[in-house]
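The values are calculated or read from the model by the stated rules, or taken from the named source; none is laboratory data. Everything numeric in this text was worked out from a predicted model, so none of it was measured. Cβ: placed from backbone, ideal geometry, glycine included. Neighbour counts: every protein chain shown. These area figures cover heavy atoms from the full protein model, side chains too; ligands, DNA and RNA do not enter into them. Shrake-Rupley method; radii C 1.70, N 1.55, O 1.52, S 1.80 Å.
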Amino acid sequence: MGRGKVELKRIENPTSRQVTFSKRRNGLLKKAFELSLLCDAEVGLIVFSPSGKLYQYASHDMERSIVRYRSEMGLLGSADDQHSRAIEFWRTKIEEMKRSTETLEANLRNLAGEDLSTLGMKELKQLERQLKVGVERVRCKKRRILSEHINYLKRKRRDLLEENKRLLKKVKLDQQIDDANPS
């Protein structure tokens with residue numbers, strides 16, 4: 001019994017996307033190995049993960065395969081080629097940052113209780129744990145700030161009471177002086 005067709009579109013759930021990437025990457029690397037073994041083909045495969053990690057397979061020396069590819073394609077090491085590589089490098093970096101931003105924004109929306117319909121039970125439990133830890137950190141910080149403020153107010157009260165005693169003594173002393181020296 002065969003599988004049904006899989007609709008090819010970007011997987012929105014980051015966990016599912018990572019699992020699918022890992023499985024398909026492994027399958028692709030296996031196929032590259034089989035092609036080189038069965039057909040005695042020179043195979044070079046380079047894969048960069050969404051996080052930028054490099055995965056590669058080469059049936060022969062990768063550098064030699066890249067040089068051969070560049071020669072076959074007429075890509076010689078000119079200044080234009082270096083410029084094109086720099087542009088492609090920055091394009092790749094921009095795409096990585098966009099994906100990273102999308103993931104972070106999705107996580108932020110989830111933490112705000114939005115877009116929860118795409119999450120499975122495992123992700124919901126993990127989100128709940130994160131929120132509990134976050135709430136406890138907020139409460140701890142709040143308690144510490146309140147405690148510091150209470151201590152500050154107690155010191156201020158003590159200082160004011162001492163100042164009040166000092167002023168009362170001064171007033172009594174001034175009254176005694178006034179009583180002793182009637183004008």
| message | Looking at segment 25-37, can you tell me whether even one residue there is hydroxyl-bearing (Ser, Thr, Tyr) and either part of a loop (DSSP other than H, G, I, E, B) or open to solvent by 90 Å² or more (accessible area, probe 1.4 Å) (or both)? | response | no
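Given the residues LYS122, LYS132, LYS93, LYS98, which is the only one that is open to solvent by 70 Å² or more (accessible area, probe 1.4 Å), in contact (Cβ under 8 Å) with a residue 24 or more places away in the chain, on the phi < 0 side of the Ramachandran plot and within 20 Å of the chain's Cα centre (by Cα)? Even if it seems obvious, please write down each step before you answer.
Values: LYS132 fails: in contact (Cβ under 8 Å) with a residue 24 or more places away in the chain; LYS93 fails: in contact (Cβ under 8 Å) with a residue 24 or more places away in the chain; LYS98 fails: in contact (Cβ under 8 Å) with a residue 24 or more places away in the chain.
Of LYS122, LYS132, LYS93, LYS98, the one residue that is open to solvent by 70 Å² or more (accessible area, probe 1.4 Å), in contact (Cβ under 8 Å) with a residue 24 or more places away in the chain, on the phi < 0 side of the Ramachandran plot and within 20 Å of the chain's Cα centre (by Cα) is LYS122.
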| Using beta carbons and a limit of 8 Å, which pairs, at least six apart or on different chains, have the first residue in segment 1-23 and over 17 Å from GLU95 (Cα atoms) and the second one assigned to a helix (DSSP H, G or I) and basic (Lys, Arg)? | THR15/LYS122
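Restricting to segment 141-183, give me the number of residues that are more than 60 Å from the chain's Cα centre (by Cα) and in a helix (DSSP H, G or I). Reasoning before the result, please.
Our first condition is that a residue be more than 60 Å from the chain's Cα centre (by Cα); within segment 141-183, this holds for 168-183.
So of that shortlist, the ones also in a helix (DSSP H, G or I) come out as 168-180.
Final tally of qualifying residues: 13.
Could you list, in sequence order, all residues of segment 59-89 that are outside any helix (DSSP H, G or I) and either open to solvent by 100 Å² or more (accessible area, probe 1.4 Å) or modelled with pLDDT of 75 or more (or both)? It would help to see each step written out before you state the result.
Initial filter on segment 59-89 (outside any helix (DSSP H, G or I)): 59-61, 74-78.
Those that are outside any helix (DSSP H, G or I) and either open to solvent by 100 Å² or more (accessible area, probe 1.4 Å) or modelled with pLDDT of 75 or more (or both): SER59, HIS60, ASP61, LEU76.
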| Unique match (being open to solvent by less than 80 Å² (accessible area, probe 1.4 Å) and among the β-branched types (Val, Ile, Thr)) among VAL138, VAL171 | VAL171
| said: Among (1) open to solvent by less than 90 Å² (accessible area, probe 1.4 Å); (2) on the phi < 0 side of the Ramachandran plot, there is one condition GLU105 misses while meeting the rest; what is its number? | reply: (1)
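Among the residues of segment 108-119, write down those that are in a helix (DSSP H, G or I) and open to solvent by 70 Å² or more (accessible area, probe 1.4 Å). Quick ask: steps written out before the conclusion?
The first filter runs over segment 108-119 and keeps only residues in a helix (DSSP H, G or I), leaving 108-111, 116-118.
Those that are in a helix (DSSP H, G or I) and open to solvent by 70 Å² or more (accessible area, probe 1.4 Å): LEU108, ARG109, LEU111, SER117, THR118.
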| message | Looking at segment 46-58 only, could you name the residues that are open to solvent by 30 Å² or more (accessible area, probe 1.4 Å) and either touching a Ser or Thr at 6+ places or on another chain (Cβ under 9 Å) or not in a strand (DSSP E or B) (or both)? | response | PHE48, PRO50, SER51, GLY52, LYS53, TYR55, TYR57, ALA58
